[in-house]
Amino acid sequence: MKKKIRVGILFGGKSAEHEVSLQSAKNVYDAIDREKYEPVLIGIDKSGRWLLSDNESRFLLNADNPRLIRLNASSDEVALVPQSRGAIANLSEMKSDNFIDVVFPILHGPFGEDGTVQGLLKLADIPFVGAGVLASAAGMDKDVMKRLFRDAGLPIGKFRSLRFSEKIPPFREICAELGTPVFIKPANMGSSVGVSKVRNETEYHAALESAFEYDTKVLIEEFVPGRELECSVLGSAFDTSHKGGKIEASVPGEVKSHHEFYSYDAKYIDENGAALIIPADIPGETAERIRELAIKVFETICCEGLARVDFFMKDDGAILVNEINTMPGFTRISMYPKLWEASGISYTQLIDRLIQLALVRFEKEKELKTSV
Ligand SMILES: Nc1ncnc2c1ncn2[C@@H]1O[C@H](COP(=O)(O)OP(=O)(O)O)[C@@H](O)[C@H]1O
Ligand SMILES: [Mg+2]
């Protein structure tokens, strides 16, 4: 019998999306092709400890309740050993006979989607699913991301960034430059944490204060009125089954938020906070344009594996890129896999494709010389 590939599912993490990640991990664990893969669950608790779960019934508490779901903290603490090709050492017993072949980091936001975990996995010399260090970091920092988009000629809204050490520009200067209202958000965050819509000077100062609680750099953006459309991208520049790589885009979907904007509450707290419309009810040529732009966005930040690219569609039909998410929500009912399902790729197939892409990239990078 062919040896199964051991897939380390890394999930949880120090992030506002911890619970979403638990849900995603559970869904991936349940759906992964067991003929081919042997999943190993590694949960990261909210303080950042890595916990190995050897028994599937133990790894989550209240697994079926999205509100109460929790990581079971009684598991063994583990660490990845640098340059070990995937050895995970059990810190309490220091036994390093636990090897994994590839990691699926289902982590969102800072410490997971921002290149930090990706850097650790690179040092540990282990293949992993999704974007590398550069694309993860560039996709996480909305200021750097937008500057790369602008350089690539992608359509984006007006914005400026502000460091915590800079003088706060007067509100009227912002209005003259960006109009009103404006959106203020931390540069490195997700899940709409710290995001505010600002209409006047009082809100302006409150919004800056709130955004600076999460990051040392914030973005101030012109308000883009319109619909919110999302597109899933899958593929790799390393996929040599096609010349130049193979990167595909799904049918676009729409998020209809029932709140003033697609806020944290609309995303996670309010059950009826938003509706996902799949596929989006838009003209064929608009869908085509979104797919083309989504792939271009993916390539612009040198992304790998997967990403969800989010857009605004203005009333006149103009499309602007909002952002790229290099590790989008990955539960069975999340937009990313749902859009693929609507495009003919099942959840189980998607997991398989992503793991295979991780292995292909790793092998190619292994061929590179590290010295003269
Ligand atoms: N410039 C903007 N114009 C209009 N709505 C915006 C703008 N920026 C953000 N929003 C709203 O806030 C939500 C969250 O902002 P986003 O930039 O996507 O941050 P996050 O990474 O937290 O998802 C968006 O989905 C949208 O509803
Ligand atoms: Mg967003």
(request) Mind listing just one residue for me: the one in region 239-273 that is of a type in the set (S, T, Y) and away from ligand 2 (no atom under 15 Å from the Cβ) and, of those, most open to solvent (accessible area, probe 1.4 Å)? (result) T240
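Taking the stated definitions as given, is F104 in contact with a Lys or Arg (Cβ under 9 Å, 6 or more places away or on another chain), in contact (Cβ under 8 Å) with a residue 60 or more places away in the chain, more than 27 Å from L219 (Cα to Cα) and of a type outside the set (D, E, K, R)? Spell out how you get there, then give the answer.
Numbers: in contact with a Lys or Arg (Cβ under 9 Å, 6 or more places away or on another chain): no; in contact (Cβ under 8 Å) with a residue 60 or more places away in the chain: yes; more than 27 Å from L219 (Cα to Cα): yes; of a type outside the set (D, E, K, R): yes.
The answer is no for F104.
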(message) Being among the hydrophobic types (A, V, I, L, M, F, W, C) and within 16 Å of ligand 2 (Cβ to nearest atom) is the filter here; which residues of region 162-198 pass it?
(response) F183, I184, A187, M189, V193, V195
(request) Go through (1) within 30 Å of L368 (Cα to Cα); (2) not in a loop (DSSP other than H, G, I, E, B) and name the single condition A211 misses. (result) (1)
(request) For residues that are over 17 Å from A274 (Cβ atoms) and assigned to a loop (DSSP other than H, G, I, E, B), scanning just region 333-350, find the one that is least open to solvent (accessible area, probe 1.4 Å). (result) I345
(message) What's the total number of residues in region 214-238 that are within 15 Å of I319 (Cα to Cα), in a loop (DSSP other than H, G, I, E, B) and open to solvent by less than 40 Å² (accessible area, probe 1.4 Å)?
(response) 1
(message) For region 117-154, which positions are more than 16 Å from ligand 1 (Cβ to nearest atom), under 20 Å from I44 (Cα atoms) and assigned to a helix (DSSP H, G or I)?
(response) V117, Q118, G119, L120, L121, K122, L123, V133
(message) Regarding region 134-155, can at least one residue be identified that is within 30 Å of V360 (Cβ to Cβ), touching a His at 6+ places or on another chain (Cβ under 8 Å) and within 16 Å of ligand 2 (Cβ to nearest atom)?
(response) no
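Are any of the residues in region 289-296 among the small types (G, A, S) and over 30 Å from G153 (Cβ atoms)?
Looking for residues that are among the small types (G, A, S) and over 30 Å from G153 (Cβ atoms), one finds none in region 289-296, hence no.
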(message) Just checking, does region 92-111 include any residue being open to solvent by less than 40 Å² (accessible area, probe 1.4 Å), of a type in the set (A, V, I, L, M) and within 16 Å of ligand 2 (Cβ to nearest atom)?
(response) no
(request) Look through A318, A294, A280, A342 and report the one residue that is in contact with an Asp or Glu (Cβ under 6 Å, 6 or more places away or on another chain), of a type in the set (A, V, I, L, M) and in contact (Cβ under 8 Å) with a residue 12 or more places away in the chain. (result) A280
(message) Checking the structure you have, find out if any residue of region 274-287 is open to solvent by less than 10 Å² (accessible area, probe 1.4 Å) and of a type outside the set (D, E).
(response) no
(message) If I go through region 32-49 residue by residue, how many of them are open to solvent by less than 10 Å² (accessible area, probe 1.4 Å) and over 14 Å from V103 (Cβ atoms)?
(response) 0
(request) Enumerate the pairs (first residue in region 297-310 and open to solvent by 10 Å² or more (accessible area, probe 1.4 Å) and within 16 Å of ligand 2 (Cβ to nearest atom); second residue anywhere and in a helix (DSSP H, G or I) and at pLDDT 95 or above) with beta-carbon separation below 6 Å, excluding pairs fewer than 6 apart on the same chain, so at least 6 apart or on different chains. (result) R308/Y336
(message) Condition first: at pLDDT below 80, open to solvent by less than 20 Å² (accessible area, probe 1.4 Å) and in contact with a Gly (Cβ under 9 Å, 6 or more places away or on another chain). Can you find one or more residues in region 78-86 that meet it?
(response) yes
(message) I'm told G190 meets every condition in (1) in contact with a strand residue (DSSP E or B) (Cβ under 6 Å, 6 or more places away or on another chain); (2) among the small types (G, A, S); (3) surrounded by 21 or more Cβ atoms within 10 Å (Cβ to Cβ) except one. Can you identify the failing condition by its number?
(response) (1)
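The values are calculated or read from the model by the stated rules, or taken from the named source; none is laboratory data. Model, not experiment: these values are computed from the prediction. Using ideal geometry, Cβ is built from the backbone for each residue, glycine included, and neighbour counts are taken over all protein chains shown. Note: areas computed on protein heavy atoms with side chains; ligands, DNA, RNA excluded. Shrake-Rupley method; radii C 1.70, N 1.55, O 1.52, S 1.80 Å.
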